[in-house]
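Beneath this line is the structure, given in structure tokens, with notes to follow.
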Amino acid sequence: MINGALWVLGCQLVGEVVVRWLGLPVPGPVLGMVLLFGVLSVRRPGPQSGTLRVADGLLRHLQLLFVPVTVGIMVHAGTIRQEWLPVTGGLVLSWTAGLATVAGLATLLVRRRGTSGETAPGDAS
């Protein structure tokens with residue numbers, strides 16, 4: 001499990017170093033997660049992999065990661081109140097973009113599944 005935690009933190013560190021070194025406009029942990037995805041795609045860990053156990057542990061306590069965001073919103077409530085229109089516009093735009101992306105991917109995957117002749121589990125046909 002320690003090996004898995006080192007992989008996760010190592011990829012995050014490499015992502016952070018690369019972003020700062022190249023001056024990329026992307027958060028370091030995001031690049032680190034892309035790197036971790038690539039590493040896991042190549043390594044193909046088994047179900048008892050330390051990396052997957054660490055990821056499961058993080059997901060089990062995901063609600064704790066929202067505490068800093070909530071505190072930040074409470075601290076900056078005055079600024080958010082003054083700038084409510086751009087904040088609301090950004091939220092609506094990002095929500096719409098996310099919804100359109102999920103709808104497009106779902107449509108694409110349903111079409112792909114339909115052309116292969118497979119049916120979903122539980123389908124009566």
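Look at segment 38-55 and say how many of its residues are part of a helix (DSSP H, G or I), surrounded by 11 or more Cβ atoms within 10 Å (Cβ to Cβ) and not aliphatic (A, V, I, L, M).
Residues of segment 38-55 that are part of a helix (DSSP H, G or I), as a first pass: 38-43, 50-55.
When the remaining residues are screened for being surrounded by 11 or more Cβ atoms within 10 Å (Cβ to Cβ), the result is 38-40, 43, 50-55.
Next cut, not aliphatic (A, V, I, L, M) only: 38, 43, 50-51, 53.
Adding up the residues that qualify gives 5.
Take the conditions (1) under 18 Å from V8 (Cα atoms); (2) within 15 Å of the chain's Cα centre (by Cα); Q63 misses just one of them, which is (1). Within segment 74-82, one or more residues are of a type in the set (D, E, K, R), loosely packed, with under 11 Cβ neighbours inside 10 Å, more than 23 Å from N3 (Cα to Cα) and out of contact with any Ser or Thr (no Cβ under 8 Å at 6 or more places or on another chain).
A count restricted to segment 42-81 and to residues that are modelled with pLDDT of 85 or more and among the small types (G, A, S) stands at 3. In segment 38-45 there is at least one residue matching the filter, namely being under 19 Å from the mean Cα position of the chain (by Cα) and touching a residue at least 12 places away in the same chain (Cβ under 8 Å).
What do you reckon, is L24 in a loop (DSSP other than H, G, I, E, B) and either loosely packed, with under 10 Cβ neighbours inside 10 Å or free of Cβ contacts under 8 Å to residues at least 12 places away in the same chain (or both)? Reasoning before the result, please.
Details: in a loop (DSSP other than H, G, I, E, B): yes; either loosely packed, with under 10 Cβ neighbours inside 10 Å or free of Cβ contacts under 8 Å to residues at least 12 places away in the same chain (or both): yes.
Answer is yes for this residue.
Residue check: is G32 at pLDDT below 90, part of a helix (DSSP H, G or I) and under 20 Å from D56 (Cα atoms)? For G32, the condition - at pLDDT below 90, part of a helix (DSSP H, G or I) and under 20 Å from D56 (Cα atoms) - is not met.
The values are calculated or read from the model by the stated rules, or taken from the named source; none is laboratory data. What you are looking at is a predicted structure, and each value in this text was computed from that prediction instead of being measured. Virtual Cβ from ideal backbone geometry, glycine too; neighbours counted across all protein chains shown.
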